[in-house]
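J.: One structure is given below, represented as structure tokens, and several questions about it will come after.
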Amino acid sequence: MQAAAAAAAVELPPALFTNASSLEQLVLKSNPGLTGRIPATLSDLRSLRVLSLSQNGFRGEIPPELGRLAALQQLDLSYNNLTGEENPIGTAVPAAVVGSLRRLQVVGMSGLDGPIPASLAALPRLGRLNLSQNRLAGEIALPAEFVARLGRRLDVRGNDELCVDRGRYGGAQASYLGAPPCAAAGGGSGAAVGGTSSSPVESSAGAAATAGRGFRVYGIAGMFGGMVYHLLMLSLVFHFMIRCFNKFVKRPWFCNVYKFFI
């Protein structure tokens, strides 16, 4: 069985597209035996509007020459074997291919890794973007206006390493993106996940308020202690004056009054 499958595998010959400049649609779908690399000579099809190579066995990187297809409106390379570090979506796809195709209306790709580049939102006519079932990772950084415009025609499901900032998108948008909230910086239980932690400013304000209350308590206690101290000092002075006066003036009635109070 494996030998038969290997014998049935074919590759697209690069010379097949060199003399077909008037071709407008190329649809080669659902051919698992169609393997090899996507021919760079597809860029010679300058009139091509639809290129669908989905559900095949293509492997390797997406040829950057596809960025020359200025008339292209639909590009579907999903469900192939475009895997590996040689083909991160953040470099090969938007910069050299998708970013140059200003007429694109439909884009579908799979078997890719890396972050979703925000430059995809710069395609003015893009109405459907399918990046589901990839190994994309990181925070979804597409503009909120772009996400709102595409709605459910933006499909990023099946990317377990993607996350979404709930503050960037509304509740409905964040829900149909289907990605969990991003963890807060520093690895703790941040506000983006649990909403229970306070900011450093709030913590500082709370500490300052607590310290202020403490200072007020200590201030009242200090005032009370000072009053007691002064009363004690005054009583000692008064006691000393009375004793001196009783000794030198000799007024018994005054001594009796003093003994009554003391």
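J.: What's the extension gain from ARG152 to SER22 if we count 0.36 nm per residue and subtract their Cα-Cα distance?
T.: Computed gain between ARG152 and SER22 is 43.4 nm.
J.: Test of understanding: ordering TYR229, TYR169 by Cβ neighbours within 10 Å, fewest first, what list do you get?
T.: Placing the least packed residue first, the sequence is TYR229, TYR169.
J.: Once you sort the root eigenvalues of the Cα gyration tensor of the stretch 14-71 as a ≥ b ≥ c, which label holds: rounded (a/c under 1.5), prolate (a/b larger than b/c) or oblate (the other case)?
T.: Numbers: a/c = 1.79, a/b = 1.49, b/c = 1.20.
Prolate, since a/c reaches 1.5 and a/b exceeds b/c.
No lab work stands behind these numbers, since they all come straight from the coordinates. Keep in mind it's a predicted model, so treat the numbers as computed, not measured. All Cβ positions, glycine included, derive from the backbone under ideal geometry; neighbour counts span all protein chains shown.
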